[in-house]
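These notes concern the structure reproduced below.
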Amino acid sequence: MSDTPVQAAPAATQGSPPQVRKLHEISNGLATLVSLSKRRGLVFQSSEIYGGLGSCWDYGPLGSQMKLNVKAAWWKAMTRRPNMCGIDAAILMHPMVWKASGHVDGFSDPLVDCKDCKTRFRSDNTDSYLLHKKCPNCGSLNLSEPRNFNLMFKTHMGPLEDAGSTVYLRPETAQGHFVNFQNCQVTTRYKIPFGIAAIGKSFRNEITPGNFIFRTREFEQMEMQYFVKPGTDEQAFGMWKEVRWEFYQKYGIRKENLRFQPHGPTELAHYAKAAVDVQYLFPMGWSELEGIHNRSDFDLTQHSKFSGKTLEYFDEQSKEKFVPFVIETAVGCDRLFLAFLCDAYREEVTRDAAGGEDVRVVLGLHPEIAPVKIAVLPLSKKVELSSVAEKLRDQLAQDFETLYDESGSIGKRYRRQDEVGTPFCATVDFETLNDQAVTVRHRDTMKQERVPIASLNEYVLKGMRNF
Ligand code: GAP
């Protein structure tokens, strides 16, 4: 397939269509993404030069931008709805918050120690233990009894490390919404139903983290609490299921890789009246991407009890006072980042005349999620071209994340952009000096068009909107 820039517009690509391999059709899908992420500056192992720190990851030059885009997409989808607001609560909260929420007493996993190989594992989801009471690592039967291990990270506030100074790194952002329920309601003057959205770091001392950024001990959550009148909670729960499904469709997650998985009565969290997981088909199988919960009035009632402050809402119309019910949507930003990578990854395989394989790796990310929107590629390093290309980069950078690349053949430069999902490349060539236009090449179709520099920003904006 021809993929060199043309100077006349428009020109289509030639040859037979490529064979497409999706990530799920590749045997080592997750390893492929880990390797791409490192090679292209999306995600690095944390503290790599010291041998790395288990389950901790750093987002690199392109990954940090993509993560910001994921958060911006979620934030926009939430806070631009009517009766919605945002907050940014502190990670450290009063320790009583976690007593009231049930985390101090109940946020734990059952842990078993193998006395022979010293492996520690969760007893509630480890097959060899559940079926045969054996260590999953060495098969030994010489095991401790399961004991509850609290997943919250503890630290100390102030200079004294005593019991009175213990504080926790929050294990979820949601409690920040509950303790600010009245502050938000009074300052926004919203009437119920209304919602509070927040994005922030959470910490859990997971016993079995893993699968790249799927389960880590430090992660970012995007959570929303919707406060409703009791009795309207079931309808609101259904509404949020639809809203969240549409969000995933809008950003291009394939329907066949997404499903709802309701919780049975024995699976419900202590605070939940009803719950459903939005599951995604990750390379390791169907797993939770987002949780949608009907939390009833559990949290506000608990905080009212523990703080001594009433958290009732007065409905002016009906003159009733009540503790609102809460519908929660909670998704991990890192997990969604991974789902976007999994869904977007494809290998397009074409064969040359001799039967050899040519593989084009493409991240077909939605342009809003892609870390770079347009790359500027001068055809040569000659100053006549680079001076125009640099000016063009500055023009585009006013509106978009833009990348400048002048090294290597143009074909290689296109491929580098395909691999990180850049939807457009603008090639500055010698004809540009005469016609003040550039060749724009599209990531997905590889089609090329000649576009005047003066209208290029508008062209990209339109292309992103119509994706
Ligand atoms: N406030 C409710 C709550 O936190 P959760 O199901 O425990 O519910 C919500 O967490 C979401 O946070 C999950 O669906 C997942 O996307 C993300 N998440 C939870 N634990 C995580 C971890 N250890 N690493 C990465 N993401 C995690």
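The values are calculated or read from the model by the stated rules, or taken from the named source; none is laboratory data. None of these values were measured; they are calculated from a predicted model. When we count neighbours, we look across all protein chains shown, and the Cβ atoms used for this are built from the backbone with ideal geometry, even at glycine. When the accessible area is computed, the model is the full protein with side chains, heavy atoms only, and any ligands, DNA or RNA have been set aside. Shrake-Rupley method; radii C 1.70, N 1.55, O 1.52, S 1.80 Å.
Of everything in the stretch 413-467 that is among the charged types (D, E, K, R), out of contact with any Cys (no Cβ under 9 Å at 6 or more places or on another chain) and not in a helix (DSSP H, G or I), the residue that is farthest from Asp343 (Cα to Cα) is Glu431. Restricting the stretch 385-412 to residues that are over 21 Å from Pro452 (Cα atoms) and either in contact with a Phe, Trp or Tyr (Cβ under 6 Å, 6 or more places away or on another chain) or in a helix (DSSP H, G or I) (or both) leaves a set whose member that is least open to solvent (accessible area, probe 1.4 Å) is Gly411.
Do we find a residue being closer than 30 Å to Arg40 by Cα and open to solvent by 20 Å² or more (accessible area, probe 1.4 Å) anywhere in the stretch 288-306? Give the steps one after another, and end with the answer.
Just the residues of the stretch 288-306 that are closer than 30 Å to Arg40 by Cα, to begin with: 288-290.
Keeping just the survivors that are open to solvent by 20 Å² or more (accessible area, probe 1.4 Å) gives 288.
There is at least one residue in the stretch 288-306 that is closer than 30 Å to Arg40 by Cα and open to solvent by 20 Å² or more (accessible area, probe 1.4 Å).
Filtering the stretch 258-308 to residues that are of a type in the set (Phe, Trp, Tyr), more than 29 Å from Asn183 (Cβ to Cβ) and away from the ligand (no atom under 12 Å from the Cβ) leaves Phe260, Trp286.
Could you say whether any residue in the stretch 361-384 is open to solvent by 40 Å² or more (accessible area, probe 1.4 Å), in a helix (DSSP H, G or I) and among the charged types (D, E, K, R)? Steps first, answer last, please.
Initially, the stretch 361-384 is screened for residues open to solvent by 40 Å² or more (accessible area, probe 1.4 Å), giving 368, 379, 381-384.
Going one step further and asking which of them are in a helix (DSSP H, G or I), we end up with 383-384.
Now restrict to residues that are among the charged types (D, E, K, R): 384.
Within the stretch 361-384, one or more residues are open to solvent by 40 Å² or more (accessible area, probe 1.4 Å), in a helix (DSSP H, G or I) and among the charged types (D, E, K, R).
Quick check: is even one residue across the stretch 56-79 under 27 Å from Asn183 (Cβ atoms) and part of a strand (DSSP E or B)? No: zero hits. Of the residues making up the stretch 189-208, those that are in contact (Cβ under 8 Å) with a residue 24 or more places away in the chain and open to solvent by 40 Å² or more (accessible area, probe 1.4 Å) are Tyr190, Lys191, Pro193, Lys201, Arg204, Asn205, Thr208. Tell me, which residue of the stretch 7-26 that is in a loop (DSSP other than H, G, I, E, B) and at pLDDT 90 or above is surrounded by the fewest Cβ atoms within 10 Å (Cβ to Cβ)? Restricting to residues being in a loop (DSSP other than H, G, I, E, B) and at pLDDT 90 or above, the top hit is Ile26.
Of the residues Ala344, Ala339, Ala353, Ala397, only one is over 30 Å from Glu234 (Cβ atoms) and either among the acidic types (Asp, Glu) or in contact with a Leu (Cβ under 9 Å, 6 or more places away or on another chain) (or both); which? Can you show your working first?
Working: Ala339 fails: over 30 Å from Glu234 (Cβ atoms); Ala353 fails: either among the acidic types (Asp, Glu) or in contact with a Leu (Cβ under 9 Å, 6 or more places away or on another chain) (or both); Ala397 fails: either among the acidic types (Asp, Glu) or in contact with a Leu (Cβ under 9 Å, 6 or more places away or on another chain) (or both).
Only one candidate qualifies: Ala344.
Which of the residues that make up the stretch 36-48 are within 24 Å of Gly356 (Cβ to Cβ) and open to solvent by less than 60 Å² (accessible area, probe 1.4 Å)? Show your work before the answer.
Of the residues in the stretch 36-48, the ones within 24 Å of Gly356 (Cβ to Cβ) are 36, 39.
Selection gives Leu36 alone.
Of all the listed residues (Cys85, Cys135, Cys114), the sole one being at pLDDT 90 or above, under 29 Å from Leu268 (Cα atoms) and surrounded by 18 or more Cβ atoms within 10 Å (Cβ to Cβ) is Cys135. The residues of the stretch 208-265 that are closer than 22 Å to Ala344 by Cα and at pLDDT below 95, listed by number, are Gly210, Gly252.
Within the stretch 325-337, restricting attention to residues that are of a type in the set (A, V, I, L, M, F, W, C) and touching a strand residue (DSSP E or B) at 6+ places or on another chain (Cβ under 7 Å), the residue that is farthest from the ligand (Cβ to nearest atom) is Phe325. Is it true that some residue in the stretch 211-221 is open to solvent by less than 40 Å² (accessible area, probe 1.4 Å) and more than 17 Å from the chain's Cα centre (by Cα)? The answer is no; no qualifying residue exists. Return the total of residues in the stretch 99-136 being in contact (Cβ under 8 Å) with a residue 60 or more places away in the chain and at positive phi. Matching residues across the stretch 99-136 total 1. One residue stands out among those in the stretch 233-257 that are out of contact with any Phe, Trp or Tyr (no Cβ under 8 Å at 6 or more places or on another chain) and among the polar types (S, T, N, Q): the one that is farthest from the ligand (Cβ to nearest atom), which is Gln235. Residues of the stretch 233-254 include at least one that is open to solvent by 30 Å² or more (accessible area, probe 1.4 Å), touching a His at 6+ places or on another chain (Cβ under 7 Å), in contact (Cβ under 8 Å) with a residue 24 or more places away in the chain and within 19 Å of Arg335 (Cβ to Cβ).
Output yes when any residue across the stretch 89-109 is farther than 29 Å from Glu328 by Cβ and open to solvent by less than 70 Å² (accessible area, probe 1.4 Å), and no when none is.
First pass over the stretch 89-109, keeping only residues farther than 29 Å from Glu328 by Cβ: none.
Scanning the stretch 89-109, I find no residue that is farther than 29 Å from Glu328 by Cβ and open to solvent by less than 70 Å² (accessible area, probe 1.4 Å), so the answer is no.
When you check Ile207 against the structure, is it within 15 Å of the chain's Cα centre (by Cα) and either within 15 Å of the ligand (Cβ to nearest atom) or farther than 24 Å from Trp75 by Cα (or both), yes or no? Spelling it out, it is not the case that Ile207 is within 15 Å of the chain's Cα centre (by Cα) and either within 15 Å of the ligand (Cβ to nearest atom) or farther than 24 Å from Trp75 by Cα (or both).
Count, please, the residues in the stretch 349-359 that happen to be assigned to a strand (DSSP E or B) and not hydrophobic (A, V, I, L, M, F, W, C). Count: 4. Here Ala375 does not fit the description of being of a type in the set (A, V, I, L, M, F, W, C), closer than 28 Å to Ser16 by Cα and free of Cβ contacts under 8 Å to residues at least 12 places away in the same chain.
Of all residues in the stretch 157-187, those satisfying the criterion of being over 20 Å from Gly332 (Cα atoms) and either basic (Lys, Arg) or part of a helix (DSSP H, G or I) (or both) are Ala163, Gly164, Ser165, Val179, Phe181, Gln182, Asn183, Cys184, Gln185, Val186, Thr187.
Report whether or not Glu347 is open to solvent by 10 Å² or more (accessible area, probe 1.4 Å) and either touching a residue at least 24 places away in the same chain (Cβ under 8 Å) or over 30 Å from Ile253 (Cα atoms) (or both). Yes, satisfied. Being within 13 Å of the ligand (Cβ to nearest atom) and of a type in the set (D, E, K, R) is the filter here, so list the residues in the stretch 166-204 that pass it. Within the stretch 166-204, Arg170, Glu172, Lys201, Arg204 meet the criteria.
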